[in-house]
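The values are calculated or read from the model by the stated rules, or taken from the named source; none is laboratory data. Treat the numbers as computed from the prediction; the structure is a model and nothing was measured. Every residue, glycine among them, receives a Cβ derived from its backbone with ideal geometry; neighbour counts consider all protein chains shown. In case anyone asks, the SASA skips ligands and DNA or RNA and just uses the protein heavy atoms, side chains included. Shrake-Rupley method; radii C 1.70, N 1.55, O 1.52, S 1.80 Å.
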Amino acid sequence: MTPSPHVIVRIDLARVRDNVAAIRRETGVEVWPVIKADAYGLGASHVALAVREVADGFCVFALREAAEIELDSIGRRPIIAIGPPDSRNAADFLAEHVRPAVSTADEATALRAADPLLAVDTGMQRFACPAEHVAAALIAGAIREAFTHATRVEHAEQLLDITRDRDLKLHAAASSLLHEPAARLHATRPGIACYRGALDVSIRLHDVRASRGPIGYTGFVTETGRHGVILAGYSNGLKPGICLLNGARRRILEVGMQSSYVELGPGDSVGDSVVLVGRGLRESEVAAAWQMGEHQAMLHLSCCGQRTYVE
Ligand SMILES: *Cc1c(COP(=O)(O)O)cnc(C)c1O
């Protein structure tokens, strides 16, 4: 996917900061925003700078992500890398002030000097330590903190159970479990919940037509008798679905490589703003129309045009 020069992606950093502050207030525990994958396409360095006053720390997936943006000096908060370690050398992590997540006793031994955390498997069954190996890994790395990637409350409860009586700092909840008190433990690691409502993605209506018979590659017909054209398509991450045009929800009818057809109402004209997300059109609504998860839709939306930042 490449960004379209016609699509404007506006990122509201104040909204991201408000989201993080609200999560911290409402959960009553530490909040460690997840800024992996370039903060879900919103720009990790911008996000880190915007939220550092309200965040207790940051989560990246890999050490490399933190090093690339010099997160330690931008974010000025502790950093953990929650994916499998991308170095076996503790000095690499220490140099960037990043603590690695380990999932085996071997990794824990190799990275002991970098004060690792233990990733505990409670169901994901990928780069995390099964319950029966937890005790050995904790000792090998002199580990003081453990977490699990929980998708259900029971996963957080399992983490508690597996690590009982060990006096560890524990965390489990990502965005989907923020509202479950039993999943909060000592900290949360929200990703998408930090970014909801912060994106406003739009493109100008390039052309306006009265529809006559079957249209486009697929021979679709319009219900309103009018259609428009925008200059962004599937090479920019767009999919047939929904948009907002002069306050009304309209359909994106057919998507080509670098252009798409949009359903129009009677008052819509060339130059009007076609909103792909934002101004009341939620990420979740777009994701449902695109038949994909909200995380994936967020990446399509944040990466489909030129990013600009508003405070
Ligand atoms: C991505 C990720 C998160 C954040 O997930 P969201 O659903 O976006 O909140 C939290 N923890 C881990 C381990 C992750 O990989």
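With respect to the conditions (1) open to solvent by less than 10 Å² (accessible area, probe 1.4 Å); (2) within 29 Å of PHE58 (Cα to Cα), GLU285 lacks only one, and its number is (1). If you go through segment 5-23 and keep only what is surrounded by fewer than 18 Cβ atoms within 10 Å (Cβ to Cβ) and assigned to a helix (DSSP H, G or I), you end up with ALA14, ASP18, ALA21, ALA22.
Scoring ALA173 on the criteria (1) out of contact with any Lys or Arg (no Cβ under 7 Å at 6 or more places or on another chain); (2) within 15 Å of the ligand (Cβ to nearest atom); (3) not in a strand (DSSP E or B) leaves a single failure, condition (1). Within segment 140-161, the set of residues being in a helix (DSSP H, G or I), within 16 Å of the ligand (Cβ to nearest atom) and either closer than 23 Å to ALA114 by Cβ or of a type in the set (Val, Ile, Thr) (or both) comprises VAL153, LEU159.
The condition of being surrounded by 23 or more Cβ atoms within 10 Å (Cβ to Cβ), in contact (Cβ under 8 Å) with a residue 12 or more places away in the chain and part of a loop (DSSP other than H, G, I, E, B) holds for ALA55. Residues in segment 218-259 that are touching a Pro at 6+ places or on another chain (Cβ under 8 Å) and either without any contact (Cβ under 8 Å) to a residue 40 or more places away in the chain or surrounded by fewer than 16 Cβ atoms within 10 Å (Cβ to Cβ) (or both): VAL221, THR224, ARG251, ILE252, LEU253, GLU254, VAL255. The number of residues in segment 246-281 being out of contact with any helix residue (DSSP H, G or I) (no Cβ under 9 Å at 6 or more places or on another chain) and among the basic types (Lys, Arg) comes to 2.
Of the residues making up segment 110-130, those that are more than 15 Å from the ligand (Cβ to nearest atom) and assigned to a loop (DSSP other than H, G, I, E, B) are LEU111, ASP115, PRO130. When restricted to residues that are over 30 Å from TYR261 (Cα atoms), in contact (Cβ under 8 Å) with a residue 40 or more places away in the chain and within 12 Å of the ligand (Cβ to nearest atom), segment 176-216 contains 8. Of the set (1) open to solvent by less than 10 Å² (accessible area, probe 1.4 Å); (2) within 27 Å of the chain's Cα centre (by Cα); (3) of a type outside the set (Phe, Trp, Tyr), all apply to MET124 but (1). The condition of being without any contact (Cβ under 8 Å) to a residue 12 or more places away in the chain, hydrophobic (A, V, I, L, M, F, W, C) and over 22 Å from GLU65 (Cβ atoms) does not hold for ALA142.
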